[in-house]
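The values are calculated or read from the model by the stated rules, or taken from the named source; none is laboratory data. Since we're looking at a predicted model, the values are computed, not measured. Because the Cβ atoms are built from the backbone with ideal geometry, glycine has one as well, and the counts that use them run over all protein chains shown.
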Amino acid sequence: MSESTPVTALTVRYLGGPTAVLEIAGVRLLTDPTFDPPGDYPIGDRTLVKTAGPALDAATLGPVDAVLLSHDQHPDNLDRAGRAFLDGAPLVLSTASAQARLGGTVRALANWAETTLPLPDGRTLRITGVPAQHGPDGSEHLVGEVTGFLLSGEELPTVYVSGDNAALDVVRAVAERAGTVDVALLFAGGARTPLLGDAYLTLPSDQAAEAALILGARAVVPLHFEHWKHFTQGAGTLAAAFERAGLADRLHLLEPGGQTVV
């Protein structure tokens, strides 16, 4: 282990869609809870279609210390069973809009604001809110407020959780503030819906690889690249894009229910 390698590892267990369990130094976090079975989700004159359920249901998952919720307004990031899960979560970090709509234990974490969680060994895990842009410039009034997260601490890996972000400029801003990121959890899949035509709502595969380079990440775990019909790309295009970029050794492409230690 080199001097620059954090002592404490991060375990990522991928459940499907945007949902993953992150375990670090005795703390358990959950990203965007989606526990529903396949089905249709009408949104105005559009319908999002879920094609597969999670690898674990909420009851099997058990308790977590906090939920990192990128946004609440889209069912592919927070579905019906996911909303029910939040009722028992001790802390949910998300946007100001989500706090206003959901209440409960939801707490807004503004861009570059920080909060901490105590670790069993006496250290603290720092969680920083970071920007996310869920579409092209000027689309926030259509897609709503979204956030990402940065995890860090003494002898801990620096972990970037992108949320639904489609802008490499946002990734650059995170890299400028955070420095080198050890692990990047990138919401990929190149999502598209009729709301924004041909514009991407999340990173396509080639831009996910470029984001990894911008961040200097030694490990990348893609999330939110399958299980919904509005994704235009998936595991195959991610593997190919990282191979072309010379980053295949950094890509941890998990099957639902699989986990990796990084």
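Against the condition in contact with a strand residue (DSSP E or B) (Cβ under 6 Å, 6 or more places away or on another chain) and basic (Lys, Arg), how does Arg80 come out, does it pass? Spelling it out, it is not the case that Arg80 is in contact with a strand residue (DSSP E or B) (Cβ under 6 Å, 6 or more places away or on another chain) and basic (Lys, Arg). Is it the case, given these coordinates, that Arg46 is of a type in the set (Lys, Arg) and at pLDDT 95 or above? Criteria not met by Arg46. Could you please find all residues in the stretch 242-262 being in a helix (DSSP H, G or I) and surrounded by 16 or more Cβ atoms within 10 Å (Cβ to Cβ)? Selection gives Phe242, Arg250. If the condition is being in contact with a Lys or Arg (Cβ under 9 Å, 6 or more places away or on another chain) and without any contact (Cβ under 8 Å) to a residue 60 or more places away in the chain, then the stretch 190-210 contributes Asp198, Asp206, Ala209. Check whether at least one residue in the stretch 92-111 is at pLDDT 95 or above and on the phi > 0 side of the Ramachandran plot, and report yes or no. Taking every residue of the stretch 92-111 in turn, at least one turns out to be at pLDDT 95 or above and on the phi > 0 side of the Ramachandran plot.
Taken over the stretch 16-49, the criterion of being touching an Asp or Glu at 6+ places or on another chain (Cβ under 8 Å) and over 29 Å from Val262 (Cα atoms) is satisfied by Tyr41, Thr47, Leu48, Val49.
State all residues of the stretch 1-39 that are exposed (fewer than 13 other Cβ atoms within 10 Å of the Cβ) and modelled with pLDDT under 95; if no residue qualifies, say none. Within the stretch 1-39, Met1, Ser2, Glu3, Ser4, Thr5, Val7 meet the criteria. For the stretch 221-241, the tally of residues that are assigned to a helix (DSSP H, G or I) and either surrounded by fewer than 23 Cβ atoms within 10 Å (Cβ to Cβ) or small (Gly, Ala, Ser) (or both) stands at 6.
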